[in-house]
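Asker: Sharing a structure below in structure tokens format, with a few things to ask.
The values are calculated or read from the model by the stated rules, or taken from the named source; none is laboratory data. Note that this is a predicted model, so its numbers are computed, not measured. Glycine also receives a Cβ, built like all others from the backbone with ideal geometry; neighbour counts cover every protein chain displayed. To get the accessible areas, we keep the full protein, side chains included, count just its heavy atoms, and leave off ligands, DNA and RNA. Shrake-Rupley method; radii C 1.70, N 1.55, O 1.52, S 1.80 Å.
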Amino acid sequence: MRVVVIGAGVIGLSTALCIHERYRSVLPSLDMRVYADRFTPLTNTDVAAGLCQPYLSDPRNPQEADWNQQTFDYLLSRVHSPNAANVGLALVSGYNLFHEAIPDPSWKNTVLGFRTLTPRDLDMFPDYSYGWFNTSLIVEGRRYLQWLTERLTERGVKFFQKKVESFEEVARGGADVIINCTGVWAGSLQPDPLLQPGRGQIIKVDAPWMKHFIITHDPEKGIYKSPYIIPGIQAVTLGGIFQLGNWSEVNNIQDHNTIWEGCCRLEPTLQDAKIVAELTGLRPVRPQIRLERERLRFASSNTEVIHNYGHGGYGLTIHWGCALEAAKLFGKILEERKLLKMPPPHL
Amino acid sequence: MVSTSMDPVRIAVVGAGVVGLSTAMCVSKLVPRCSITVISDKFSPDTTSDVAAGMLIPHVYPNTPIPTLKQWFRETFDHLFAIANSAEAGDAGVHLVSGWQIFQSIPAEEVPFWADVVLGFRKMTKAELKKFPQHVFGHAFTTLKCESPAYLPWLEKRLKGSGVLILTRRIGDLWELHPSFDVVVNCSGLGSRQLAQDSEMFPMRGQVLNVQAPWVKHFIRDGSGLTYIYPGTSNVILGGTRQQGDWNLSPDAEISRGIFSRCCALEPSLQGACDIREKVGLRPFRPAGVRLQTEFLAQDGRRLPVVHHYGHGSGGISVHWGTALEAARLVSECVQAPRTPTPKSNL
């Protein structure tokens, strides 16, 4: 049984690991490979700040709320282990700021210690009049992808650098199941008018005194268009850019100024921070994640595709729940083909 | 007293730890027409303050009324909070940090006196306590960290800017300062055992480890105060010990192992910490609490007013600004009415 995962961002690698962990022991013939044209540090995952935080409003697909929760619980159980830093995981607390009171988010009990801000807290942010404080997790994209790559390599999964032009090409190569984790570029394999890039630009600075995340919200502008500051393991990510439909992967000076002015206004201590990197990424924006099976029809091929793309700006936040769901779909394929020697492991 | 009302009052501040420098600062602001000289054998990074993590979590001084302690803490917190929210924060080494104080049994006092001085104080939720299986109760809050290796040089720079002189010299006897100075402010900490002939003063030895673990963003303090993890700008400080009457400034390897092991039990990811450095500090412990008192030394017809300001034990940084303001008031009274030596009672 040959499985080809296309895409080596967080979605591709975590789905690969999830499936391999669950099915290798009951499917000795499992031969898994990862095909991608970009690997860490060149994926969109590498640009992400890595804070686990779903969008404020409830997702169109209620399953996504479950996937967010499953991901948080899974990462929380790993953050207390001795090798947490090696995986790229850390607990981080911080502030969400608003211009007016809004209802608590549906994920208030998923994160830890959720509370609304007191007047003294708000004294620190004169432009804002309402907010939340809570403890969440960061998953540093680069470190996490490296860790996933190490785990997959240990398991004998092979990596190939190649640009896949079509599902057909992969099917003719012998793939029985294709896991499509091509993110924002999924449209080149199969047109998807619902998928668009949500271009983001970030500045990474050296500001080790910043121990909290600060995320501002401006409902008039929309998600990610308001300044945010997110400390990572080494550097602090400054952001606040979201441009729907913009495919440019080049840093833009106006965006740089927007981010810098917005974040320094929010946190004056950043003025002296040294810039260590500036990056652009394309969030794979879609009204909801495409996570479903599709049977391909080519000549004599019997290839199944499991699509897993369109995670917008919350890929790291939701990745494990999606990987579990993709693994369930994979299990169904095996059942249908009567490939399992014993009942599938409990997911 | 030889000065006339025309000459500036010459004030010597003995000691350049956090108490000496902050007192010099407060005196310079409160007392008009004075010239101040800070005299010390040790400056940052070689003072006792430099070893301290500088977390704003106050200690109780047995003979100090709680309202006084609270006032000192609040004054210090407000002073540092303003710095933390300004562009000076990075230079001054002051930043906010959130975290948890945890207890293995429910403490007699569930809400400490300083709960409304720090930010966002609340009890930990069950979900938060899961991180600490040996602990049954905890406080979650946001406080300040004031790092002496940055704060002291920052204070020194400001003092020099307002015309305060800084002199490196070891004073063996306060009379050495007569007649060059009109008032002496004694901020010599443990040195007061000799300089003020205060036989009650003794060291409370503390050993700590400075490690690299930048993924740790929260403080964790065991309610007993003996085990703590304090993340800072350039390192994480792990502690600690409380060894009464121990003058040994050399680190003890077995104690280091014990500290590391206790801290890893609370934060397993510390096992990945590197670049571990041992440090020792001798807390200036005074059983009766902080000595804030004016003493009129007299010998062979000579008179020398001394404002004593020492004995802060474990809590120096937490209350330094509040006690410095009080010491400055004592100096001011001294300068205004030098010929009526009314004994000032100890606070």
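Asker: If residue A:114 passes every condition in (1) surrounded by fewer than 22 Cβ atoms within 10 Å (Cβ to Cβ); (2) within 14 Å of chain B (Cβ to nearest Cβ); (3) out of contact with any strand residue (DSSP E or B) (no Cβ under 7 Å at 6 or more places or on another chain) but one, which one does it miss?
Answerer: Answer for residue A:114: the failing condition is (3).
Asker: Could you please give the count of residues in segment B:98-125 that are out of contact with any strand residue (DSSP E or B) (no Cβ under 9 Å at 6 or more places or on another chain) and either within 10 Å of chain A (Cβ to nearest Cβ) or modelled with pLDDT of 95 or more (or both)?
Answerer: Of all residues in segment B:98-125, those out of contact with any strand residue (DSSP E or B) (no Cβ under 9 Å at 6 or more places or on another chain) come to B:108-109, B:113, B:116.
From the residues that got through so far, the ones that are either within 10 Å of chain A (Cβ to nearest Cβ) or modelled with pLDDT of 95 or more (or both) too are B:113, B:116.
The total comes to 2.
Asker: Collect the residues in segment A:120-139 that are outside any loop (DSSP other than H, G, I, E, B) and either modelled with pLDDT under 95 or within 9 Å of chain B (Cβ to nearest Cβ) (or both), keeping them in residue-number order. Give the steps one after another, and end with the answer.
Answerer: To start, the set of residues in segment A:120-139 that are outside any loop (DSSP other than H, G, I, E, B) comprises A:120-123, A:130-139.
Answer for segment A:120-139, where residues must be outside any loop (DSSP other than H, G, I, E, B) and either modelled with pLDDT under 95 or within 9 Å of chain B (Cβ to nearest Cβ) (or both): A:120, A:121, A:123, A:133, A:135, A:138.
Asker: Look through segment A:169-218, keep the residues that are without any contact (Cβ under 8 Å) to a residue 60 or more places away in the chain and farther than 23 Å from residue A:316 by Cβ, and return whichever of them is surrounded by the fewest Cβ atoms within 10 Å (Cβ to Cβ).
Answerer: Across segment A:169-218, the extreme among qualifying residues is A:193.
Asker: Go through segment A:200-267 and tell me which strands (runs of 3 or more DSSP E), entirely inside it, have 3 or more residues that are closer than 29 Å to residue B:219 by Cβ and within 14 Å of chain B (Cβ to nearest Cβ). Full working, then the answer.
Answerer: On the way: elements: A:212-216, A:228-231, A:236-239.
Once the strands (runs of 3 or more DSSP E) in segment A:200-267 are filtered for at least 3 residues that are closer than 29 Å to residue B:219 by Cβ and within 14 Å of chain B (Cβ to nearest Cβ), what remains is A:212-216, A:228-231.
Asker: Is it true that some residue in segment B:155-170 is within 14 Å of chain A (Cβ to nearest Cβ), of a type outside the set (Asp, Glu) and either touching a Lys or Arg at 6+ places or on another chain (Cβ under 9 Å) or at negative phi (or both)?
Answerer: no
Asker: Can you tell me how many residues within segment A:67-89 are assigned to a helix (DSSP H, G or I) and either at positive phi or more than 8 Å from chain B (Cβ to nearest Cβ) (or both)?
Answerer: The number of residues fulfilling the criteria is 13.
Asker: Still on this structure, please answer the following. Spot the failing condition for residue B:144; the list is (1) in contact (Cβ under 8 Å) with a residue 60 or more places away in the chain; (2) within 9 Å of another protein chain (Cβ to nearest Cβ); (3) within 18 Å of residue A:119 (Cα to Cα); (4) open to solvent by less than 10 Å² (accessible area, probe 1.4 Å), and only one is missed.
Answerer: (2)
Asker: Next up: If I filter segment B:12-26 for residues that are outside any strand (DSSP E or B), at positive phi and over 17 Å from the mean Cα position of the chain (by Cα), do I get at least one hit?
Answerer: The first filter runs over segment B:12-26 and keeps only residues outside any strand (DSSP E or B), leaving B:15-26.
Filter once more, so that each one left must be at positive phi: B:15.
From what's left, over 17 Å from the mean Cα position of the chain (by Cα): none.
No - not one qualifying residue is present in segment B:12-26.
Asker: Which of (1) part of a helix (DSSP H, G or I); (2) surrounded by 21 or more Cβ atoms within 10 Å (Cβ to Cβ); (3) at the interface with another protein chain (Cβ under 10 Å from one of its Cβ atoms) does residue B:95 not meet, given it meets every other one?
Answerer: (1)
Asker: Also, I was wondering about something else. Tell me, which strands (runs of 3 or more DSSP E) wholly within segment B:190-306 include 1 or more residues that are within 14 Å of chain A (Cβ to nearest Cβ), open to solvent by less than 30 Å² (accessible area, probe 1.4 Å) and not polar (S, T, N, Q)?
Answerer: B:202-212, B:219-222, B:228-231, B:236-239
Asker: From A:47, A:79, A:92, grab the single residue that is β-branched (Val, Ile, Thr) and over 25 Å from residue A:216 (Cα atoms).
Answerer: Details: A:47 fails: over 25 Å from residue A:216 (Cα atoms); A:92 fails: over 25 Å from residue A:216 (Cα atoms).
Answer to the selection: A:79.
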